[in-house]
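A.B. asks: Quick one: the structure is below, questions incoming.
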Amino acid sequence: MVLNKLTFTKALLFLFLCISGNYSAQNALYIPPALTGTSFNLTIQSGNTQLYPGNPTPTYGINGSFLSPTIIVNKNDVVTLNVINNLNVATTMHWHGLHVAPENDGGPHQSIPAGTTWSPSFEILNNAGTFWYHPHGEGKTELHVGKGLAGLFIIHDPAELALALPQAYGVDDIPLIVQTKAFDVLNQIAIADHMDTAVFVNGTLHAAADLPAQVVRLRLLNGSSMRSFYFGFSNNMTFYQIATDGGLTATPNALTRLLLAPGERSEILVDLSGMNGQTLNLMSYGSEMPNGIFGSPSVGSGADTMDMYMENFLNGADFNLAEFTVVPQTANPVTTIPTSLVPYLPFSEMDVTINRTLVFDTITLLPGDIPNRAEGPFGINNTTFHMDSVNIMVPLNSTELWTLKNNTLIAHPFHIHDIQFNIIEKNGTTPPVSEQGWKDVVLVMPEDSVKFITRFTTFSDEMVPYMYHCHLLHHEDDGMMGSFLVFDPFAAINEHETFAFAAYPNPSSAEWNISGKWDKKEFSITLNDLQGKEILMRSFSGISSGESITVPASELDSGIYFLTITNGKETRKLMLTKN
Ligand code: C2O
Ligand code: CU
Ligand code: CU
């Protein structure tokens, strides 16, 4: 093998990590401080953290130099989050999994310039569950998350608090943010690198903690950039999954293994009763993980494989995440696993009004490039993310069935903002029990597909979109992301609006007449299909209010279309149906 400079640096790094990997003294598991109340100050800062002997590592943190506190709130609280950006670069802060208006969502469109504060305020509408928050700046997510900006966002609600579940944060209700990171020879956190050999739990290397000899709740977050974890315990004990991404499941689900891809969360109960004095490890069983997932024994085949994949000793390996020592019970221990949790009422296929298909594929940046189906770059529906375009138009309150088709050779965890969905089909059959519950991330296996149903409620906005993307942060940053606008198709009919329009007949087979308050101004109309493709665009001026213009429909396929009417200042959207 010829060592080019890059490979040589990586070989050095590999050697370095093998050495530091032997530096395996246990460190007490850090429990991020809990912030409670309804007003939160989150100061984003840079600092240095001594992660290894030698050079300290430049890191980012919130209210500290590394990692982020845990925000704990109650459903229906109205919260204000003051995000103070003391970095010398712009960033954003996204509330992953929360149902909030697009301008509060913290996607790439809510950039927080260096030295400024962003203060979204909103009501907590989600049910009890384990969510998280992290930056989402255009092309910068992996760097900012990797440097330490990731925290849990825990929601409680009355139904959950009424259950006999462990609730004492840091005592029997334990946050576990699991992440791997890659480092360069100067101990700097490296990105777009497949040598993520350092395993952190809550920012702690070689983490160890004492857990009481009773039922303990572990809130698991995979906060890694690329790596999936196949969770299990070294004594192979059964544990009970009680929550998926979006909150509690109907009943506890007994498991010995649980797969979580980047972005996914789960809550599990472990019964440590009678185990006082014993030690057990929380592990990832990479050797048992299905091929095609980053972290499994292999990804891709032939020429379509990942750079350095086999050199990373965590790939395909079983390794420790944290060591737990069982200590005496607390004063009021939970000692039984509940038999039922909360009702789960998924959306039904019968309510679906709109179907969409999203295809994951490699994209070619330069003519003549030979795409690598494991390495990428990847796009969705043949395009990559652009700040100023909207890929999908979603009518408010529509129930939609999305089919995700993965034409590549690596598994992609697909995430969508704003809503929770229920998976109805995975690998051609019903999803595993561990994914029967509210989800906002789903891992789509290579050359496979997933179908889910969701409903877009509460928030619409004519201008600010939400995101959907692959939660492998390197893929997201490279553009495996799109945007969707939720708009209210009935908003334009409001007579008190000064910029109001209506379409008739609707549905139509030949044409739509659009009447409205044109007011002789200049305006333009754009007709798009469901996938955001532009079909027609015209400009007008001098039309009086009350007159109508005609949009031809006879040549169009039957289905749903969107008409955007704008005068440059105001915008309205109409949903048109072609019969
Ligand atoms: Cu966890 Cu769009 O992100
Ligand atoms: Cu999100
Ligand atoms: Cu991906």
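Computed from the coordinates by the stated procedures, all read-outs in this text should not be read as laboratory data. No experiment lies behind these values; they were computed from the predicted model shown. Positions of Cβ are generated from backbone atoms using ideal geometry, with glycine treated the same way; all protein chains shown enter the neighbour counts.
A.B. asks: How many percent of DSSP beta bridges within the chain run antiparallel, rounded to 5?
C.D. replies: 75
A.B. asks: Any lysines with Cα under 24 Å of the residue 147 Cα? List them, leaving off those in the same chain fewer than 8 positions away.
C.D. replies: 10, 181
A.B. asks: Over the stretch 31-162, what is the percentage of antiparallel beta bridges among all DSSP beta bridges, to the nearest 5?
C.D. replies: If I count the DSSP bridges inside the stretch 31-162, around 60 percent turn out antiparallel.
A.B. asks: Moving on to the next point. Under 5 Å between amide hydrogens, which residues at least 5 positions from residue 321 or on another chain qualify, with H placed 1.01 Å from N in the peptide plane?
C.D. replies: It is 282, 283, 284, by chain and number.
A.B. asks: Quote the relative contact order of the chain in percent (integer), defining contacts as alpha-carbon pairs under 8 Å separated by 6+ residues.
C.D. replies: Relative contact order for the chain comes out at 11 percent.
A.B. asks: Continuing with this model, one more query. What number, in percent, do you get for the relative contact order of the stretch 241-380 if the mean sequence gap of Cα pairs under 8 Å and at least 6 apart is divided by its residue count?
C.D. replies: It rounds to 26 percent for the stretch 241-380.
A.B. asks: Can you work out ³J(HN,Hα) from phi for every residue in the stretch 438-446, in order, using Karplus 6.51 cos²θ - 1.76 cosθ + 1.60 and θ = phi - 60°, giving whole Hz and x for Gly and Pro?
C.D. replies: 6, 10, 10, 9, 9, 7, 9, 6, x
A.B. asks: Right, another one. Over the stretch 528-579, calculate the relative contact order: mean separation of alpha carbon pairs under 8 Å at least 6 apart, over the residue count, as a percent. Intermediate results must be reported in sequence, preceding the final value.
C.D. replies: On the way: 46 pairs, mean separation 17.1, N = 52.
Normalised by residue count, the contact order of the stretch 528-579 is 33 percent.
A.B. asks: In addition: Mind checking which lysines have their Cα closer than 26 Å to the Cα of residue 533? Skip sequence neighbours fewer than 8 apart in that chain.
C.D. replies: Answer for residue 533, where 26 Å is the Cα cut-off: 405, 451, 569, 573, 578, listed by chain and number.
A.B. asks: Something else about it: Which of the listed residues, 453, 465, 395, is farthest toward the dipole's positive end in the stretch 349-487, when Lys, Arg count +1 and Asp, Glu count -1 at the beta-carbon?
C.D. replies: With unit charges placed on the Cβ atoms, the residue in question is 453.
A.B. asks: Considering amide H positions built from the backbone, and no H for Pro or chain starts, which residues 5 or more places from residue 334, or on another chain, come under 5 Å of its amide H?
C.D. replies: Distant-sequence amide H within range of residue 334: 215.
A.B. asks: Can you tell me the order of 350-363, 93-106, 464-477 when each peptide is scored by its average per-residue count of other Cβ atoms within 10 angstrom, highest first?
C.D. replies: The peptides rank, most packed first, as 464-477, 93-106, 350-363.
A.B. asks: Enumerate the calculated ³J(HN,Hα) couplings along the stretch 243-255 in order (Karplus 6.51 cos²θ - 1.76 cosθ + 1.60, θ = phi - 60°), each rounded to whole Hz, writing x wherever the residue is Gly or Pro.
C.D. replies: Couplings: 8, 9, 3, x, x, 5, 8, 5, 9, x, 10, 6, 9 Hz.
A.B. asks: A further question follows. Using the crude model of +1 on Lys and Arg Cβ and -1 on Asp and Glu Cβ, and no other charge, please compute the dipole size for the stretch 165-313 relative to its Cα centre, in debye to 20.
C.D. replies: 280
A.B. asks: Please give every one of the lysines within straight-line cross-link reach of residue 75, meaning a C-alpha to C-alpha distance under 21 Å, and leave out same-chain neighbours fewer than 8 residues apart.
C.D. replies: Filter leaves 439.
A.B. asks: Continuing with the same structure: Can you pull the one-decimal nm distance between simple spin-label points at residue 287 and residue 519, each 7 Å off the Cα toward Cβ?
C.D. replies: With each label placed 7 Å out from Cα toward Cβ, I get 7.2 nm.
A.B. asks: How many percent of all Cα-Cα pairs in the chain sit more than 33 Å apart?
C.D. replies: I get 45 percent for the Cα pairs in the chain exceeding 33 Å.
A.B. asks: Can you give me the Cα centroid spacing of the stretch 500-554 and the stretch 220-275 in angstrom?
C.D. replies: 52
A.B. asks: Tell me, what HN-Hα J-couplings in whole Hz come from the Karplus equation 6.51 cos²θ - 1.76 cosθ + 1.60 at θ = phi - 60° for each residue of the stretch 415-427, using x for Gly and Pro?
C.D. replies: Couplings: 10, 10, 7, 6, 10, 10, 10, 10, 7, 10, 8, 9, 6 Hz.
A.B. asks: Give the separation of the Cα centroids, the stretch 280-306 to the stretch 68-142, in Å.
C.D. replies: First find each Cα centre; the distance between them is then 32 Å.
A.B. asks: List the residues, sorted by chain then number, that are 5 or more residues from residue 224 or on another chain and whose placed amide H is less than 5 Å from its amide H.
C.D. replies: Hits under the 5 Å cutoff: 180, 263.
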